[in-house]
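Here the structure is laid out as structure tokens; the discussion comes afterwards.
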Amino acid sequence: MNTEISAFVGMGLMIVSILLIYLSRNWIKIKFFKVVTAFLAYMSLIISGLLITYVVLSWPS
């Protein structure tokens, strides 16, 4: 994958994770949906961290 695309996808996943955590903690009242949205948020945060790490480590020196 191209590093520029990976960087944008990583940043986009970080924004998605912020929005999902906000929804999970403040808006959703049903416990099951809270757990599902929090799980998706943390998974997108982990994937975005891995993508950003890949971009930083593969940067030409």
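Observations
- For the stretch 1-22, the set of residues classified as without any contact (Cβ under 8 Å) to a residue 24 or more places away in the chain and surrounded by 15 or more Cβ atoms within 10 Å (Cβ to Cβ) consists of Ile21 only.
- Test result for Ser44, within 13 Å of the chain's Cα centre (by Cα), among the polar types (S, T, N, Q) and on the phi < 0 side of the Ramachandran plot: yes
- Contact map, the stretch 35-51: first residue under 9 Å from Ser17 (Cβ atoms), second residue aliphatic (A, V, I, L, M) and surrounded by fewer than 19 Cβ atoms within 10 Å (Cβ to Cβ), Cβ cut-off under 7 Å, separation 6 or more or different chains; pairs are Ala41/Ile21; Ser44/Val16; Leu45/Met14; Ser48/Met14.
- Residues of the stretch 24-39 classified as part of a helix (DSSP H, G or I) and buried (at least 16 other Cβ atoms within 10 Å of the Cβ), total: 3
- The residues in the stretch 40-61 that are among the small types (Gly, Ala, Ser) and surrounded by fewer than 17 Cβ atoms within 10 Å (Cβ to Cβ) can be counted, and the count is 3.
Only the coordinates and a few stated rules stand behind these numbers; no lab work does. All figures in this text were calculated on a predicted structure; none of them were measured in a lab. For neighbour counting, all protein chains shown are included, and Cβ atoms are generated from backbone atoms with ideal geometry for every residue, glycine included.
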